[in-house]
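Working notes, structure below.
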Amino acid sequence: MFSTERGAANLLIGVVVGLILLKVTVGWISGSISVLAQAADSLLDLFAGLVTFFAIRIAARPADVGHPFGHGKVEDMASVVQGVLIFIAGALILYSSINRIIHRTGIELAEAGMGVMVVSIIVSVLLSRHLLKVSRATGSIALEANARNIAADVYSATAVLVGLVVVRFTGFSVLDPVIAIGMALYIMKIAYDTIGKPFLGLVDARLPSSERAVIESCLAEQGEPVVGFHELRTRRAGKQRYIDLHLVMAKGVSLEHAHQVCDLLEHRIQMRLPQASVTIHVEPCDGKCKQCSASCAE
């Protein structure tokens, strides 16, 4: 039920709503800025989850007349929005923490804050692992961004928990906003990392070197009558990969044979790089190649 993109998005929203209610209640009662910071972060997680939910629905639509290359970039856009939201959350936490230090406000009922942080850590670990597993299985960039976002909550919640424990047993209340500042800086770093990958998709950056190596390996395996290739261009939109190239073949190869070679090459690439759309332009050899194993029939 939760192993699909939509199912994982539904699970994300449900879990985050529960955590928000729990953190807001305990943060309000205890007066802990670090717990309230966690609640604010979870609130943005909820918004990011809703963005992902609708982005996945739109990205799953097939190509149409108005969008011949599909809707995959919607996922990239959703991931960039998530990164911006994470950064805003970190900035707000940073501001609130500095303000708390200036006014030297203490906290009460640290035990309640400690309890909610333990629950948050356990739930976030399980949820982030599941989201990452589904994102790898489906190739969803948006789910991957959410998984990293939730994983960041684990580290920040752990820092808050440690801070509350120290405050509870030492009475050193200023440690609460200090821990929150460290958490804010880490969250802003996560925001930077989250934006990077989908942004490359939005500007049509080429596929990673490892994936281009896979494509070149498939080309090398073709053998005769393929002479070579050039104009290899790649890009990604969401989980969809787009590949186009010029394939040079020996002279005299029939149109039918050339078509069979292209079909085989396309199949090989798609077997190793799922969700790949391959476009091949066939060219005849110009006869100027000095080292060629292909047999050119005039």
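Set side by side, the residues Glu266, Glu283, Glu256 differ, and just one is out of contact with any helix residue (DSSP H, G or I) (no Cβ under 7 Å at 6 or more places or on another chain), modelled with pLDDT of 85 or more and closer than 19 Å to Leu207 by Cα, which is Glu266. Of the residues screened, Glu231 is one that is outside the structural domain of Ser135 (by TED's automatic domain parsing), among the charged types (D, E, K, R), surrounded by fewer than 13 Cβ atoms within 10 Å (Cβ to Cβ) and within 30 Å of Val74 (Cα to Cα).
Comparison of Gln240, Gln222 shows that the only residue that is surrounded by 21 or more Cβ atoms within 10 Å (Cβ to Cβ), within 26 Å of Pro274 (Cβ to Cβ) and touching a helix residue (DSSP H, G or I) at 6+ places or on another chain (Cβ under 9 Å) is Gln240. Based on this model, can you work out whether Gly163 counts as more than 14 Å from Asp41 (Cβ to Cβ), surrounded by fewer than 19 Cβ atoms within 10 Å (Cβ to Cβ) and of a type in the set (Gly, Ala, Ser)? No; evaluated as a whole, the condition is false for this residue.
Consider region 1-30 and keep the residues that are at pLDDT 80 or above and of a type in the set (Ser, Thr, Tyr). The one that is nearest to Ser173 (Cα to Cα) is Thr25. Only residues that are part of a loop (DSSP other than H, G, I, E, B) and within 17 Å of Ser156 (Cβ to Cβ) were counted across region 2-26, and they come to 0. Being among the aliphatic types (A, V, I, L, M), under 30 Å from Val26 (Cβ atoms) and out of contact with any helix residue (DSSP H, G or I) (no Cβ under 6 Å at 6 or more places or on another chain) is a description that applies to Val162. Hey, could you check region 82-104 for residues that are buried (at least 19 other Cβ atoms within 10 Å of the Cβ) and of a type in the set (Val, Ile, Thr) and say which is nearest to the chain's Cα centre (by Cα)? Ranking the candidates gives Ile86 first.
Remark: pairs (first residue in region 150-164, under 12 Å from Ser120 (Cα atoms); second residue among the basic types (Lys, Arg); Cβ separation under 9 Å; 6+ apart in sequence or on different chains) = Ala151/Arg129; Ala152/Lys189.
Within region 119-133, can you find the residues that are among the polar types (S, T, N, Q) and touching a Leu at 6+ places or on another chain (Cβ under 9 Å)? Matches in region 119-133: Ser120, Ser124. Among the candidates Val162, Val166, the residue that is assigned by TED's automatic domain parsing to the domain that holds Glu111, more than 24 Å from Ala78 (Cβ to Cβ) and touching a Phe, Trp or Tyr at 6+ places or on another chain (Cβ under 7 Å) is uniquely Val166. Taking the conditions (1) touching an Asp or Glu at 6+ places or on another chain (Cβ under 7 Å); (2) at pLDDT 70 or above in turn, Ile33 satisfies each one other than (2). Answer yes or no: is there a residue in region 114-129 that is more than 27 Å from Asn10 (Cα to Cα) and surrounded by 20 or more Cβ atoms within 10 Å (Cβ to Cβ). Checking region 114-129: at least one residue is more than 27 Å from Asn10 (Cα to Cα) and surrounded by 20 or more Cβ atoms within 10 Å (Cβ to Cβ).
The values are calculated or read from the model by the stated rules, or taken from the named source; none is laboratory data. What you see is a predicted model; the values in this text were computed from it and never measured. Note that we place each Cβ from the backbone using ideal geometry, even for glycine, and neighbour counts take in every protein chain shown.
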